[in-house]
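What follows is a single structure, written as structure tokens, with notes after it.
The values are calculated or read from the model by the stated rules, or taken from the named source; none is laboratory data. In this text the structure is predicted, and so the values were computed from the model without any measurement. Positions of Cβ are generated from backbone atoms using ideal geometry, with glycine treated the same way; all protein chains shown enter the neighbour counts. When the accessible area is computed, the model is the full protein with side chains, heavy atoms only, and any ligands, DNA or RNA have been set aside. Shrake-Rupley method; radii C 1.70, N 1.55, O 1.52, S 1.80 Å.
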Amino acid sequence: MSSKLFLVLSVLIGMITLSNCAIAQDENFYIFLSFGQSNMEGHAKFEEIDTEVDERFQVLQAVDCENLERKKGIWYPAAAPLTRCHTGLGPSDYFGRELVENLPAHIKVGVINVSVGGTKIELFQKDNYQSYVDTAPDWLQNMVKEYDGDPYGRLIEMAKLAQKDGVIKGILLHQGESNTGDQEWPLKVKGVYDTIVEDLGLDENSLPILAGEMVSAEQGGKCASMNAIIATLPQVIPNAYVISSENCEAVNDGLHFSATGYRELGRRYGKQMLAILGY
């Protein structure tokens with residue numbers, strides 16, 4: 001085969017491949033990445049109403065769950081739970097519901113939730129997570145094992161898979177209880193954010209990131225002081241938005257929201273994203 005003919009065939013193959021990718025990706029499928037600790041993981045016991053969902057709202061399963069009849073890497077209707085096999089209700093549940101209720105009927109919404117209760121933001125630092133895991137208590141290490149030891153890696157793995165189906169439109173974060181008082185938290189989040197964007201081949205600062213507040217002081221929040229630090233996140237990430245937890249009902253432990261509180265908090269995430277998207 002001549003070099004000229006080889007070049008022509010290579011170009012044609014490349015064009016066909018790109019064409020197939022373009023056909024496979026649905027620009028009307030909006031996908032969002034969720035990560036954090038127990039509040040994002042889903043701490044409240046979900047009810048029957050939380051398992052009834054418009055099929056336009058989907059979850060990409062991040063772990064195999066025999067009890068849910070779900071397999072990793074497959075899209076399913078986003079009925080609770082959205083994280084691992086035995087987790088509960090969290091803000092992602094009603095974030096998605098808020099979107100599909102208010103977006104045009106031809107638009108679908110997907111979420112990918114990779115969260116680990118009790119973790120610091122350090123678990124999601126691509127280059128440093130292992131040293132954090134190595135010194136973590138057994139209960140946290142056991143949860144991390146469900147993501148084959150690397151929750152950040154699993155989030156990116158699932159996100160790249162999702163990019164074949166739709167378009168990643170934003171990031172949802174609820175984390176900070178375990179970093180309460182850490183003035184470096186905003187910069188650490190920025191590091192994770194920048195790595196996500198880079199690893200997914202997206203433009204710098206292109207994705208909005210929505211960060212929820214801890215349980216408020218008025219609700220008895222033990223980590224409410226962290227909210228002042230979270231408030232500074234938009235100073236280091238231009239496309240960051242803080243989601244208020246004011247009047248979101250909490251439970252007696254002072255750390256977690258009730259199911260009612262998660263529903264309200266999730267809808268607030270959704271309303272903010274709708275505004276960003278122009279709806």
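Per-structure values
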| quantity | calculated |
| --- | --- |
| Qualifying residue in region 99-108 (condition: out of contact with any strand residue (DSSP E or B) (no Cβ under 6 Å at 6 or more places or on another chain) and either in a helix (DSSP H, G or I) or among the acidic types (Asp, Glu) (or both)) | yes |
| Region 50-60, residues that are surrounded by fewer than 18 Cβ atoms within 10 Å (Cβ to Cβ) and out of contact with any helix residue (DSSP H, G or I) (no Cβ under 6 Å at 6 or more places or on another chain) | THR51, GLU52, GLU55 |
| All positions within region 22-41 that are at pLDDT below 95 and either within 9 Å of the chain's Cα centre (by Cα) or surrounded by 24 or more Cβ atoms within 10 Å (Cβ to Cβ) (or both) | none |
| Filtered residue count, region 127-145, keeping only those that are in a loop (DSSP other than H, G, I, E, B) and surrounded by fewer than 17 Cβ atoms within 10 Å (Cβ to Cβ) | 4 |
| Among (1) open to solvent by 40 Å² or more (accessible area, probe 1.4 Å); (2) touching a helix residue (DSSP H, G or I) at 6+ places or on another chain (Cβ under 6 Å), the one test that GLN175 misses | (1) |
| Residue count, region 179-221 (criterion: under 30 Å from LYS164 (Cα atoms) and without any contact (Cβ under 8 Å) to a residue 12 or more places away in the chain) | 6 |
| Unique match (being among the small types (Gly, Ala, Ser) and free of Cβ contacts under 8 Å to residues at least 12 places away in the same chain) among ALA240, ALA224, ALA159 | ALA224 |
| Residue ID - farthest from ARG154 (Cα to Cα), chosen from residues in region 44-64 that are without any contact (Cβ under 8 Å) to a residue 24 or more places away in the chain and assigned to a loop (DSSP other than H, G, I, E, B) | GLU55 |
| Criterion: acidic (Asp, Glu), modelled with pLDDT of 95 or more and within 23 Å of GLU48 (Cβ to Cβ) - qualifying residue of GLU264, GLU246 | GLU264 |
| Qualifying residue in region 65-77 (condition: in contact (Cβ under 8 Å) with a residue 24 or more places away in the chain and aliphatic (A, V, I, L, M)) | no |
| Sole residue being among the hydroxyl-bearing types (Ser, Thr, Tyr) and touching a Cys at 6+ places or on another chain (Cβ under 9 Å), chosen from SER92, SER178 | SER178 |
| Residue match in region 234-250 (condition: closer than 20 Å to GLU122 by Cα, of a type in the set (Val, Ile, Thr), part of a loop (DSSP other than H, G, I, E, B) and open to solvent by less than 20 Å² (accessible area, probe 1.4 Å)) | yes |
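Matching residues to (1) surrounded by fewer than 18 Cβ atoms within 10 Å (Cβ to Cβ); (2) among the small types (Gly, Ala, Ser):
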{"position": "HIS43", "(1), (2)": "no, no"}
{"position": "ALA62", "(1), (2)": "no, yes"}
{"position": "GLU69", "(1), (2)": "yes, no"}
{"position": "HIS86", "(1), (2)": "yes, no"}
{"position": "LEU89", "(1), (2)": "no, no"}
{"position": "GLU101", "(1), (2)": "yes, no"}
{"position": "GLY110", "(1), (2)": "no, yes"}
